[in-house]
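Read-outs: derived from the displayed coordinates by stated rules, not from any lab. These figures come from a predicted structure and were not determined experimentally. Cβ sites come from the backbone with ideal geometry, for glycine too, and all protein chains shown count toward neighbours.
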Amino acid sequence: MPDAEPTVLAAPPSHAPGGWRPPTGDPIRLDLPQLRYPGNWAPRPGAMRVLARELRLRTRLEPVAEPSTVGPIEGALFETPFLYVAGEGALPKLEDEAEQNLRRFIDLGGLILFDAADGGADLAFTRSVRELLGRIMPGSELAPVSGEHVVYRSFYLVDFPFGRTQVHDSLLAVQEEGRLKVMLTRNDLGGALAETESGLPAYPCSPGGSDQREWAIRLGVNILLYATCTDYKADRAHVETLLRSRRWK
Amino acid sequence: MDARWSLAAGFSPPWWAVALVLLGAALATVEGIRAFRHPPLGTTRTRSAALLALRLLSIAAVVGIAFELTLRIEQVSPLGRRIVVLVDRSASMDLADSVDADATAQRRQARLESVWARSAPARAEWAEQGLLVDVRGFELSTTPLPAAIAETLEGKPIGAGSDLAAALSELGEADPTQRIPVVGVVVLSDGLVAPDRATDQHVLSVAEALGVPITTVSLGAPQIRDISVAAVRAGEFAFVENVTEIEATLVAHGFRDKTTTVQLRRNGEVVFERPLVLRGDGVPHDVRFEVAPDRIGQFVYEIVIEPLEGEATTDNNRQAFVQKVLRDKVRVLHVAGRPDWDVRALRVLLRRDPNVELLSYYILRGFDDIAREDTTAPLSLIPFPTDELFEEQLGSFDLVVLHNFDAVQHQVGGYVDNIAQYVLDGGALVMIGGDLGLADGGYAPRAISSILPVDTRTPSNNRAGPYRPQVSEAGRRHPITAWLDGAQGGWDALPELDTFNAMALAPWASRVGASVLLEHPDDRVRDGSAAPLLAVAEPGQGRVMLLATGSTWRMGFAPRLPLIDGARPYDLLWLGAIRWLLRDDSSGRLSLETDKPRYRVGETVELQARALSAAYAPEPDIEIPWRLQRLDDGPDADAVDEGRWSTDAQGNAAEALEALPVGAYVASANRQLGEAPAASVATEDDPGLHEVRRVFIVEPPGRELAKVDADPGIDRLQRLATKTEGAFIDASDDEVLPSDLPTASTEDGAGNNMKVEGRDDVALWNGWASALLLLLAFGGEWILRRRTGLA
């Protein structure tokens, strides 16, 4: 079993029936697209590439090696129900069509992850995200995500929204219809992920250094596991009860 | 014979004319009397009297002519008097009871015959008194007894109930064929004629309204040995996996401190059994069973008491009822080999439905991931409980979804036999393709591959690339995809899919009733037909859907996603699939229904069957063997009735079952889906044979033997006699019917109840005599008035 004592398989499982062979077809790869917009849309270049790599190494997800970028009025926006939006300073006002597209993206079930590259030093990005959401999701509110939320245990057990910084102690999110539709990380998650061309961390994490970076990566993994599995890990809390309450044939 | 005189009016003028005539007559009479009492001077008393007489005569003549009076002379004689004897013919009369615990039990029917025989002298006396005796048997209806039976009252009482109120009501209704009045009633019964207080009151009311004395003969005795199921309380509906209570009240007499066993049976099989120590005589024992039904359907439950030696009857030791079990929550097991957007979409859909109880297991990391694991990292992962899911508890799920799941890699390969058997036993399975599950040959073993609609014996790698599926001919009618036929533009308006596992239709497809609903637009299999994308099958009792793509999530997430009837195409596809898989739609390939779940004895049971093709079109000329068995007799018992249908053009077949005795029944029918297997490859469990069953009960119209203790009946008969001023006779005390039976008076002041032997009508208003009388009266008065100087 995958979570038991690990056994590295170099050959087909001994219990495999005749005819079994490892799959060789096209793997189903997940993209982690980042939104392009007029302005500083990529304050932390390569952050999603690193996250994709870490997901591949740590989980069974198969992200693409090079996550794409997408404009808000492009049809490709709907190729993936996940969108990463990074920024430093205020987000520019988007065209009406762009904002309508983002609204539709969310209404159809997509998840948008906003990442404030200022790491808490400047509230402009956060403020502009609120304004944007006020236009595309009137009546909805960005509110702190409880420490008990499943996003903190969707893969790793994480108890803080680590990023490049540790200024803010909570993620903000719009939570409706039982899911997180929009998330905002204010501690510069991308900053913790980004690497230089030589593969070294591009920005120091403060105050925790490399340990903090590791926790930020874990948070990123959790967010993507949440994006693909939603509240699966919240199910598990009830499993024993469900199993015990059943009467079998 | 006597003569009876009366006046009859042949004409009834309008009221004002009547008033006018009467007023005129009154005035004339008053004037005449006044003139007689105060005659004018010179008028003798004799002349005054003559004038008055003539006046009165003329008034009578006018009235007679105005109302066309007729003198009626009838020759009459007395009608006679009738006693109605009501004899209880219900099944409770066949019970044996006794005066005390030491006495030998005697059947109530025997007591009836004995008291009737001993009362022969009294009955002879009634005849001498001119009483005509009309003997009738009553149960749920009343029928006259033949003369030979009426003499002895012999017979076996088997009536399903005893409706004394109806029998007495009939006597109070006017019967044009019977003119002899009823002057008294004799009721011979054990008195168990009212199951509740309301009916008891009704009997007394009807008896009082009859207006004649009712003499009652009690045929029951205080001591009886019997246990009965007096009442059962259970809901008409229950929900799967939800505890429902079934309560029964048992009443025992004469078995204090004895032990018996009470069973709850379902469709003839014992579900629960417990011992019961019986308490005092007539003390109700409440028994409660808690049942959590494990599957939907219609079931016959029965409370059964193990008989004890010496019971008066064992017919009341059981009571059956029908309960329909509905689905409360659908239990779905969703296992995914890897999280991705398709897994997410299906999970969101299932979680959104409050009627779905979802248990999910997603493989979040592989063995190579484990190898690279940082062992210090706290993980929220848990072991994948393969044994528990696929061995112990598989049968508890309504639907199992294997979503791009590579079973072999996660040690589920050894459980595919279980999964196959789960389907054959009635489970529902969905297999969704992708880059893992169908791509490694893990579903090649015969047990699992033989129930799938496509051939999984060869691995099928995932192929990425956009395409728009085509709806097949079968897909246009199938509940899962029929909506696509109605959608404007078909799939052209829907998003493209982008993954595909190319597989051929299984060689045994027809045997499992397989049908391809969606096809790849370009891929062809070996025989040149389009490669299946979505295929369904019905192996054994279950249903399977195989979707050779992991990209249907795109049908719910696209920039210009059309809504069809307000719903996303993704939702329509999957909700339709789940409904079909769980048989929530009523149109299975073979359905068998009765027009109702409970019947009274004597009613016709209508069995109706319907056959549909794999494309859900009515299927004519399908041979459907059917049989009817009693549930109690077990599954291997001989059939009560059986036959073979051939469906008509609408795919329908029906049978009317008459005269079924009381009991619980199961009707079953089967059909072969597709071709029958060749003998060389036939297996014991033919996945192509599809059987359906329907249970129902035939029950008596009332609960005649639910309560058999005679004490309430004795009390009731005493009250009935007292209320109506009749006599009460206790047959168990060897009493006999009285010679001087209490009866009602036959004649009233109006002389009713006389028989008219002849009639003569004399018309007083027409003919020359009445005209002459009128002339003489008016003319005579006028002449006499002139003579006396008054005119």
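Values as computed for the structure displayed
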| item | result |
| --- | --- |
| All-pairs alpha carbon distance profile, the protein assembly as shown, 10 Å steps from 0, percent | 2, 9, 13, 13, 11, 10, 9, 8, 7, 6, 5, 3, 2, 1, 1, 0, 0 |
| Pair B:GLU306, B:ARG352: separation of 7 Å Cα→Cβ label points (nm) | 5.6 |
| Kirkwood Rh (inverse of mean 1/r, distinct Cα pairs), the range B:417-469, angstrom | 12.1 |
| Projected label distance in nm at B:ASP196 and A:ARG130, using a 7 Å step from Cα toward the beta-carbon | 6.7 |
| HN-Hα J in Hz across the range B:109-120 - Karplus 6.51, -1.76, 1.60, θ = phi - 60°, x for Gly and Pro | 4, 5, 4, 4, 4, 5, 5, 5, 5, 5, 8, 4 |
| Cβ charges +1 (Lys, Arg) and -1 (Asp, Glu), total dipole of the protein assembly as shown, debye | 3400 |
| B:ASP435 long-range amide H proximity, modeled H, under 5 Å | A:ILE28 |
| P(r) weight above 20 Å for the range B:48-198, C-alpha pairs, percent | 63 |
| For B:VAL300, net neighbour charge (Lys/Arg +1, Asp/Glu -1) across residues whose Cβ lies under 14 Å away | +3 |
| Alpha carbon centroid spacing (whole Å) that separates the range B:354-410 from the range B:713-746 | 81 |
| Charged-residue dipole, Cβ positions (Lys, Arg, Asp, Glu), chain B about Cα centre, Debye nearest 20 | 4160 |
| Degrees between helix B:341-352 axis and first principal axis of chain B (Cα, 0 to 90, nearest 10) | 20 |
| Charge dipole of the protein assembly as shown about the Cα centre (unit charges at C-beta), most positive-ward option of B:ALA654, B:VAL84, A:THR165 | B:VAL84 |
| Nonlocal amide H pairs with B:VAL186, under 5 Å, H built at 1.01 Å | B:VAL84, B:VAL85, B:LEU86, B:THR215 |
| Mean Cβ neighbour count within 10 Å, used as a protection proxy, ranking B:140-147, B:223-230, B:774-781 highest first | B:223-230, B:774-781, B:140-147 |
| Table column - 3J(HN,Hα) (Hz), the range B:281-292, Karplus curve with 6.51, -1.76, 1.60, x for Gly and Pro | 4, x, 6, x, 10, 9, 10, 10, 10, 10, 10, 10 |
| Interatomic Cα distance distribution for chain B, bins of 10 angstrom, percent | 2, 10, 14, 13, 11, 10, 9, 9, 7, 5, 4, 3, 2, 1, 0, 0 |
| Likely footprinting exposure, B:ILE149, A:ILE28, fewest C-beta neighbours within 10 Å first | B:ILE149, A:ILE28 |
| Spin-label pair A:SER140/B:ARG759, simplified geometry with 7 Å Cα→Cβ offset, distance in nm | 9.6 |
| Built amide H within the under 5 Å cut-off of B:VAL430, gap 5+ | B:VAL400, B:VAL401, B:LEU402, B:MET545 |
| Karplus (6.51, -1.76, 1.60) ³J(HN,Hα), θ = phi - 60°, over the range B:196-201, in Hz, Gly and Pro reported as x | 8, 4, 5, 5, 4, 4 |
| Peptide-level mean, for B:439-445, of C-beta atoms on other protein chains within 10 Å | 6 |
| Hydrodynamic radius by Kirkwood, which averages 1/r over all alpha carbon pairs of the range A:28-241, in angstrom | 17.2 |
| Gain in span if fully extended, B:ALA101 to B:GLN75, counting 0.36 nm per residue against the direct Cα distance | 3.1 nm |
